[in-house]
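Remarks on the structure that follows.
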Amino acid sequence: MSVLSAIIFLPILTAIFLFFVNLHITLVKIVYMISTLVVAYLALNLYIDFDASSSMQFIEQHAWISQYGIEYHVGVDGVSLGIVMMNALLMPLVAIALYKQRDKRGYWINLLFVQGGIMGAVLALDLMLFYLFWELMLLPIFFMIGLFGYGKSNFISMKFNMYTIFGSLMMLISILYMAVEHKEQFGFYSFALDELKNITLTTTESLLVFSGFMIAFGIKIPIFPFHTWLSDTYRSAPMGIVIVMSALMAKLGTYAIWRFLFTLLNETSQELAPYFIWIGLFGLIYFGISAITQTHLKRMFALSSASHLSLIVVGFFIYNSYGLIGSSYFIVAHALSSAALFLMVAMMYERVQTYTIDSLGGIAKFAPLFALFFAFFALSIVGVPFTAGFVAEVLIILGAFEYDTLIGFFAATSLLIPMLFMFKTISKVLYGETNERTKNFQDLRSHELLAVIPLALLILAMGIFPNYFIKKIEPTAKAFVDKKEAVYHE
Amino acid sequence: MSNEFIALAVPALLLFSAIFILLFGFSSHYTKNRGYFITLATLFIAFIISANGVGTKYSILILPDIFNSMVVYDTFSATFISLFLLGGFLTLAIAKSFVDKTNFFTHESFVLLLFSLFGMVVLTMANELLTAFIALEIASMSVYILVGLNKNSLKASEAFFKYLLLGSFSASFYLLGMMLIYAQAKSTNLDVIAEYILHTELHSQLLIIAGSMLIMITIMFKIAAVPFGAWVLDVYEGASLPITAYMAGVFKIAIFAFVLRLFLKDYITFDAIYDPLIIGGALVTMFVGSLLAVIQQSVKKMLAASSVVHSGYILIAFASIGEATSSAASAIMFYLFAYFISAIGAFGVLSYISKGSDKAINYDDLDGLAKTRPIIAAALTIFMLSLAGFPSTIGFIGKFYILTSAIEAGYTFLAFFGVLSAFVSIYYYFKVVMHLYFKEAGHVEVHYGYKVSLAFIVLSGVVVLWGGVGTSLLLDIPGINALNELSRYSIESLGF
C-alpha cells in the first residue's frame, strides 16, 4: 500500500472506528488529532519526496471491477499536490482552533470522513473511483449541515444535497457514455483517464458530455448561474464544514475541470474556453458586487470566495502556463486565506454570538492580536503584495493579458471589487464604534494563536518565496501546455 | 452433490417440511417457536444445498422422461433459487420479534411461506409455459393468503381481497396468451417455441406475438409496472411488514427470474416489436412511481412506491436486451441481487422497529432514532443509500450496470431518464435519513427485541457495502467481481 492510499483511507478508517467505538469526547478529539497529524506528516513527506522534475508520480494501480475495466488508480501531480497539502494541513488546524467549541462526536467523525473523501477525489485517476469519492464526500457535509447547522438546516442540507447530486448524476451519464464509446472504439471497457482521452466523439456528443461534466463541476465551485445554493448553505453550515467547502471542496471543482475536462475533451474545452472565461469574469464581478451588499459575515465571505473561484476558473480556461500555474497557486493561496479568515470569524462568533457586520465594531481596541490577524488574512484574500494571493493573481492576470488584452484588462480591474468590501469590513468590524457586544472582546487565546500562526507564516512564505513552491507545479504545467500546442499544430 | 440431486432435493425438502408443519400444527406439541424454527432450519438447509449448485456453468433437464423436459436446472435457476431461499431465511430471521408479538402467525403462515417458496423454485426451473403458470399460481395463491394473514385488520383484508381479485383476473391473460401461442407453435415448451419462431417468418406469427403480449400483461401486473401496478400501494400497505418485505424482496425477483428466461429464450426475436412498448412502460413506470413515492407520508408506502421505480429501472435493461444481450441480462441479474438485499434490509428494519404493531410507520416515527439506536439508524441509512444508488453501495453498482447496458444498446435517453428518476429518488430516500438523524427524538427509548434479528440486519448492511466496494485486494471474500461473474455464468447457462 502506497503513501497515497494511506492518506486517503486513514481518515476514513479512523472515522469508522470512532463511529463504532463509543469513546469519550476528549478521546475522540485526541484520536482525531492523531489521525490528522499522521496524514499531515505523510503529506509533508509526500511533498518532500515529490520529484519537481516530472508530472504524475506515486502511481498506484490495481484492478477493482475487472469486467468493466474499473481500477483503483491513484497518483499525484503538481496541481493535485497543492490540494492534498492544504487538506492535510487545514484539518488539524481547524481542530486546534475550534476544539473548545464543539463537543459532539459526529462533528469530528464527519470531518475525518470528508478529509478522506476529498483526498480520494483529488488523487483518483480512474473516473469511477473519482465519482465514488466525489459523491462520498457529500455525505458528511449533508450530515454536518443537518446536525449542526443553523436556521432551517434540514431544508438547506437537503437542498444542497439534491443540488450537488443532480450535478453528479449528469456527470455519471457522461462518464458512462464515454466508457461505452471507448468500448465501441477499442473493444474493451475502461474508465482510466489515460484511456478515455483517446476516444473520438462527434461535436454534438462531445458538447453533451462536456455539459454533463461541467454541470457537476459548476455546481460544486459554484460558477454563475449554479450558485443559488451557496449563500444559504454557507450561512447555515457549521464552521468546520464552511472551511472545508470554501477552502477545499470548491477548489476540487476547479481542479476537476482541469484534470478531467481538459484531459478528456481537450478540443471542446478549448473551443468553449472563451465562453467560460466570460462567465468567470461575470461571476467575479457579480459575486463581488453581491458580497458588497451583504451584512452577514459568513455570507459575505461565501460570496467573496465564489468571486475568487470564478477567477480561478478564468485562470484555467485561458489555457496557458501562466494561467495554469497562477490558478493552481491561487487554489492553495485562497485555501489558506479563506480557511484562516473563516476560522477568525468562528472565533469571533464564539465571543460575540453574531455574524452581522452592523452589530460589530471597535474590536481592535480590545483585541489587538485578533485585529492584526483578521486584517492580515482579509488583505491576503484580496491579494496585497507579499501575500500568496498576490503572486497568484499577478500570474493569472499576466496569463489573461497574454491570452487577450481585453480579458486581461477586465480581470485586473475587477480585482478591485474584493478590495471594496474587504476594506469596508475591516474598518467596520475592527475599528468603528464599540458597542455592548464587543466591549468585552477577549483577545486570541494560545490555542487559537497556534492555529493561525502557521497559516499566516505560510501565506507570507508563499508570497515572498514563490519560486520554491511554483517549481513543483512547473513540470505539470509544461506537460499540459505542450499537449495544448500539439493540438494546435495538428 | 450432483446437480440433479440438488434440483430435486430443494423443492422436495420445502414441500415435505411444509406438509410436516401442516400436520404438526394440530399436535399439542406445536408451539409458534417450534414452527418458526423448523421453517428457519428448512430454509437454511435448503439454502446450503442449493448454494452448491452456484458457480459453475451447466444446464440439465431434470428427469426428461418423467417430466417431459418441463423443468430445467441450470446455473441461472440455481442462483435464483439460492437467492429466494436466502431471502426467505433473512425475512423470517429479521422478523423474529414481529412473529413473537403478533398472534396471526399461525402454523399455516409458515406452511404458506414454504409453499410459496416451493412455487418460486419451480417457477425458476420451469422451461414450459404451463408448468410456469402452475408454479406461479402456487406462489401467488400462498402470497395472497399471506397478505391477508391479519384477519382483524381491515386494511389487510382489503389488501388481500384486492390482490386476489386483480391477481386472478390478470392471470387469465396469461392463460389466454398461452393458448394463442399453443395454437400456432403447437407446443408450450420454451425451446420448441423458440425454434418455431426462428424458422417462421415474422409476419406469419401473429398469434404468437399477440399471445406473448397477453403474457406480458400478466407479468407487468406481477412486477407492478405502471399502468398494471395500481394494486401495489394498498397491498404493500395492508400486508404486515415481514410479508411486504417478502413480496418486495423475494416474490418480485422470482417473477423477474421467469421473465428473464422467457425474454432470453423467446421474446428476444421479437425485439423490434416489443422494444417501444417496454421503453414506454419503463418511462411511465419510473415517472409515476417517482411521483407516488414523493407524496407518501408513510415510509412503508414510500418503499412500496419506490419498488415500482425499481421495476422501471429493470425494464430499462429489458429494453436493452435485444441490442446488448449479455451485458443487459447480467445487469438485470446484478440489479436483482442489489435490490433484493437492500429491500429486505430496509423492510426488515421497519419490521424490527415496528415490533409487530399494525400501524404504518410514518417518517415522524423515525425521528431521533440515530440517538437511541445508532446501529439500526446506520443500517437503515445504508439501505436507503443503496436503494438511492449512492456510490459505495451495491445499489450503485446495480444502477451502473443497468445504465451502461442501456447506453451500450443505444438508448442513452432512457439512461438519462433513469438518472432523472434516480435524482428524484434521492429526495425520498434522504428524507428518511434526515428524519433519522436531524429530528429530535419523539419517542422514549424502547427495547426492540432480539439481538439475532439485529445481527441479520447488520449482516445485510455489511453485504450492501461489500457489494459496493468489495474487491479481492482487501479480503478474499467474493465481491463485485464474483457477483458479476455469477450473473454472467447464469446468463450463459441459458445458452447466451
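The values are calculated or read from the model by the stated rules, or taken from the named source; none is laboratory data. Nothing here was measured: the structure is a model prediction, and the numbers come from that model. Cβ placement follows ideal geometry from the backbone for every residue including glycine, while neighbour counts extend to all protein chains displayed.
Among the residues making up the stretch B:1-24, those that are surrounded by fewer than 18 Cβ atoms within 10 Å (Cβ to Cβ), in contact (Cβ under 8 Å) with a residue 60 or more places away in the chain and not aliphatic (A, V, I, L, M) are B:E4, B:F24.
Examine the stretch A:90-97 for a residue that is within 14 Å of another protein chain (Cβ to nearest Cβ), over 18 Å from the mean Cα position of the chain (by Cα) and more than 15 Å from A:L252 (Cβ to Cβ), and state whether such a residue exists. No, that holds for no residue. Only one entry in A:S206, A:S168, A:S231, A:S246 is within 12 Å of another protein chain (Cβ to nearest Cβ), assigned to a helix (DSSP H, G or I) and hydroxyl-bearing (S, T, Y), namely A:S168. Select from the stretch A:98-111 the residues that are in a helix (DSSP H, G or I) and more than 14 Å from chain B (Cβ to nearest Cβ) and write down the one among them that is surrounded by the fewest Cβ atoms within 10 Å (Cβ to Cβ). Step by step, filter the stretch A:98-111, then rank; the result is A:L98.
With respect to being hydrophobic (A, V, I, L, M, F, W, C) and surrounded by 24 or more Cβ atoms within 10 Å (Cβ to Cβ), A:L369 falls outside the description. Residue check: is A:G146 away from chain B (no Cβ under 13 Å), modelled with pLDDT under 90 and buried (at least 23 other Cβ atoms within 10 Å of the Cβ)? No, not satisfied. Of all residues in the stretch B:315-330, exactly one satisfies the criterion of being under 16 Å from B:F270 (Cα atoms), in a helix (DSSP H, G or I) and of a type in the set (V, I, T), namely B:T325. Within the stretch B:472-492, is even one residue under 20 Å from B:A377 (Cβ atoms) and within 12 Å of chain A (Cβ to nearest Cβ)? No - not one qualifying residue is present in the stretch B:472-492. Please tell me if B:S307 is polar (S, T, N, Q), over 22 Å from B:V232 (Cα atoms) and either in a helix (DSSP H, G or I) or more than 14 Å from chain A (Cβ to nearest Cβ) (or both). Answer is no for this residue.
Each residue in the stretch B:201-248 was checked for being closer than 30 Å to B:A272 by Cα and among the small types (G, A, S), and 8 pass. One residue stands out among those in the stretch B:143-156 that are at pLDDT 90 or above and over 14 Å from B:A254 (Cα atoms): the one that is surrounded by the most Cβ atoms within 10 Å (Cβ to Cβ), which is B:V147. The set of residues in the stretch A:149-169 being of a type in the set (A, V, I, L, M, F, W, C), within 15 Å of A:S236 (Cβ to Cβ) and surrounded by 23 or more Cβ atoms within 10 Å (Cβ to Cβ) consists of A:F160 alone. Of the residues in the stretch B:366-373, at least one is within 11 Å of chain A (Cβ to nearest Cβ) and either without any contact (Cβ under 8 Å) to a residue 24 or more places away in the chain or not small (G, A, S) (or both). Considering the stretch A:3-48, the residues that are among the polar types (S, T, N, Q) and surrounded by fewer than 14 Cβ atoms within 10 Å (Cβ to Cβ) include one that is nearest to B:P374 (Cα to Cα), namely A:N22. Counting only residues that are assigned to a helix (DSSP H, G or I) and surrounded by fewer than 24 Cβ atoms within 10 Å (Cβ to Cβ), the stretch B:123-135 holds 5 of them. Scan the stretch A:112-134 and give yes if some residue there is surrounded by fewer than 22 Cβ atoms within 10 Å (Cβ to Cβ) and within 11 Å of another protein chain (Cβ to nearest Cβ), otherwise no. Checked the stretch A:112-134: no residue is surrounded by fewer than 22 Cβ atoms within 10 Å (Cβ to Cβ) and within 11 Å of another protein chain (Cβ to nearest Cβ). Is it the case that the stretch B:99-113 has a residue that's modelled with pLDDT under 85 and farther than 23 Å from B:M141 by Cα? Scanning the stretch B:99-113 turns up at least one residue that is modelled with pLDDT under 85 and farther than 23 Å from B:M141 by Cα.
Taking each residue of the stretch A:339-360 that is touching a residue at least 40 places away in the same chain (Cβ under 8 Å) and looking for partners that are of a type in the set (D, E, K, R) and assigned to a helix (DSSP H, G or I) with beta-carbon atoms closer than 7 Å, six or more apart or interchain, yields A:V345/A:K298; A:M347/A:E448; A:Y355/A:K298; A:I357/A:K428; A:L360/A:K428. The combined condition, being more than 9 Å from chain B (Cβ to nearest Cβ), within 29 Å of B:A415 (Cα to Cα) and touching a residue at least 40 places away in the same chain (Cβ under 8 Å), is fulfilled by A:F160.
Can you spot a residue in the stretch A:175-197 that is within 12 Å of chain B (Cβ to nearest Cβ), more than 22 Å from B:G389 (Cβ to Cβ) and either touching a helix residue (DSSP H, G or I) at 6+ places or on another chain (Cβ under 7 Å) or assigned to a loop (DSSP other than H, G, I, E, B) (or both)? Scanning the stretch A:175-197, I find at least one residue that is within 12 Å of chain B (Cβ to nearest Cβ), more than 22 Å from B:G389 (Cβ to Cβ) and either touching a helix residue (DSSP H, G or I) at 6+ places or on another chain (Cβ under 7 Å) or assigned to a loop (DSSP other than H, G, I, E, B) (or both), so the answer is yes. Checking each residue in the stretch A:54-70 for being within 21 Å of A:S80 (Cα to Cα) and surrounded by 16 or more Cβ atoms within 10 Å (Cβ to Cβ) picks out A:S55, A:M56, A:Q57, A:F58, A:E60. Within the bounds of the stretch A:262-282, is there any residue that is out of contact with any Pro (no Cβ under 8 Å at 6 or more places or on another chain) and outside any helix (DSSP H, G or I)? Yes, because at least one residue in the stretch A:262-282 is out of contact with any Pro (no Cβ under 8 Å at 6 or more places or on another chain) and outside any helix (DSSP H, G or I).
Look at A:G315 and say whether it is in contact with a helix residue (DSSP H, G or I) (Cβ under 8 Å, 6 or more places away or on another chain) and either within 22 Å of A:L81 (Cα to Cα) or among the hydrophobic types (A, V, I, L, M, F, W, C) (or both).
The answer is yes for A:G315.
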